[in-house]
Every structure is written in structure tokens, then in C-alpha cells.
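To keep things clear, I will list the structure first and then write my remarks on it.
The values are calculated or read from the model by the stated rules, or taken from the named source; none is laboratory data. Nothing here was measured: the structure is a model prediction, and the numbers come from that model. In this analysis, Cβ positions are derived from the backbone assuming ideal geometry, glycine residues included, and neighbour counts consider all displayed protein chains. With ligands, DNA and RNA removed, areas are computed over all heavy atoms of the protein, side chains included. Shrake-Rupley method; radii C 1.70, N 1.55, O 1.52, S 1.80 Å.
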Amino acid sequence: MALTLESAARLLDRHGLLREIIRGDVWTPFSAITYDTRKVEPGTFLCCKGRFKAEYLQGIDERGLAAYVSENDFSDATQAPGLIVDDVRKAMALLSAEFY
């Protein structure tokens with residue numbers, strides 16, 4: 001099964017991590033998952049962890065960011081859908097296991 005925004009949201013909700021979905025109207029499969037903005041290419045699902053700043057997302061939409069997961073809402077910095085969670089590290093573990 002491919003990881004999509006819908007399946008990622010269901011997985012995080014099942015584990016009690018999902019707080020909110022920002023712009024959740026795009027349900028395409030992800031081609032890559034990363035926490036490094038320099039590695040974003042079309043179809044990438046980005047994990048925003050640690051002291052992640054909105055400025056790291058400058059130009060990210062043009063590079064094809066598909067969606068992001070974060071403890072913070074970055075909708076002012078990107079048009080990509082976001083999954084807002086309570087614990088991004090737990091979310092990353094679940095999402096990467098499901099992706100790979």
C-alpha cells in the first residue's frame with residue numbers, strides 16, 4: 001500500500017497523534033519521505049522536526065513538496081497540505097515504517 005495523505009492521517013489518528021489537517025484536499029501517493037528540505041523533489045512528504053523554522057520552506061512549493069507533518073502549522077509558508085501532530089518524532093517513526 002502506498003502512503004498517501006489520507007492513509008498517513010488515518011495512521012496518525014489511530015495512534016492518537018493527529019491534531020489537525022491543513023488543506024487536506026490532496027490525496028496523491030508520496031514518492032519520498034525526508035526531514036531534509038534540501039532533498040525535497042516532486043511528491044516528497046516532509047517531516048518538520050526539532051527547531052524547524054518557516055524560512056526553511058522558502059521556495060519549497062516550486063520544488064514539488066507534496067505534504068508535511070509537524071507540530072506547528074506552516075500554512076503561511078507553503079501551499080502543501082499539513083498534518084499537525086502532538087509528537088512529530090513518534091509520527092516520523094510510524095510514517096517512515098509505513099512508507100518503507
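If you check LEU5 against the conditions, is it over 18 Å from GLN58 (Cβ atoms) and either among the aromatic types (Phe, Trp, Tyr) or touching an Asp or Glu at 6+ places or on another chain (Cβ under 8 Å) (or both)? When the stated conditions are applied, LEU5 does not pass them. Inspection of region 74-81 identifies no residue that is farther than 20 Å from ASP25 by Cβ and in a loop (DSSP other than H, G, I, E, B). Within region 61-74, residues that are touching a residue at least 60 places away in the same chain (Cβ under 8 Å) and within 17 Å of LEU17 (Cβ to Cβ) sit with their Cβ atoms under 6 Å from residues that are of a type in the set (A, V, I, L, M, F, W, C) and not in a strand (DSSP E or B), at 6+ positions apart or across chains, in these pairs: ALA67/LEU5; ALA67/ALA80; VAL69/ALA91.
Scanning region 1-53 for residues that are open to solvent by 40 Å² or more (accessible area, probe 1.4 Å) and in a helix (DSSP H, G or I) yields GLU6, ARG10, ASP13, ARG14, ARG38, LYS39. Evaluation of GLY50 against the conditions (1) closer than 16 Å to PHE30 by Cβ; (2) modelled with pLDDT under 95; (3) small (Gly, Ala, Ser) shows that the sole unmet condition is (1).
Among the residues of region 54-71, those that are part of a helix (DSSP H, G or I) and either charged (D, E, K, R) or open to solvent by 20 Å² or more (accessible area, probe 1.4 Å) (or both) comprise ALA54, GLU55, TYR56. The set of residues in region 80-100 that are open to solvent by 10 Å² or more (accessible area, probe 1.4 Å), of a type in the set (A, V, I, L, M, F, W, C) and either closer than 11 Å to ILE33 by Cβ or without any contact (Cβ under 8 Å) to a residue 24 or more places away in the chain (or both) comprises MET92, ALA93, ALA97, PHE99.
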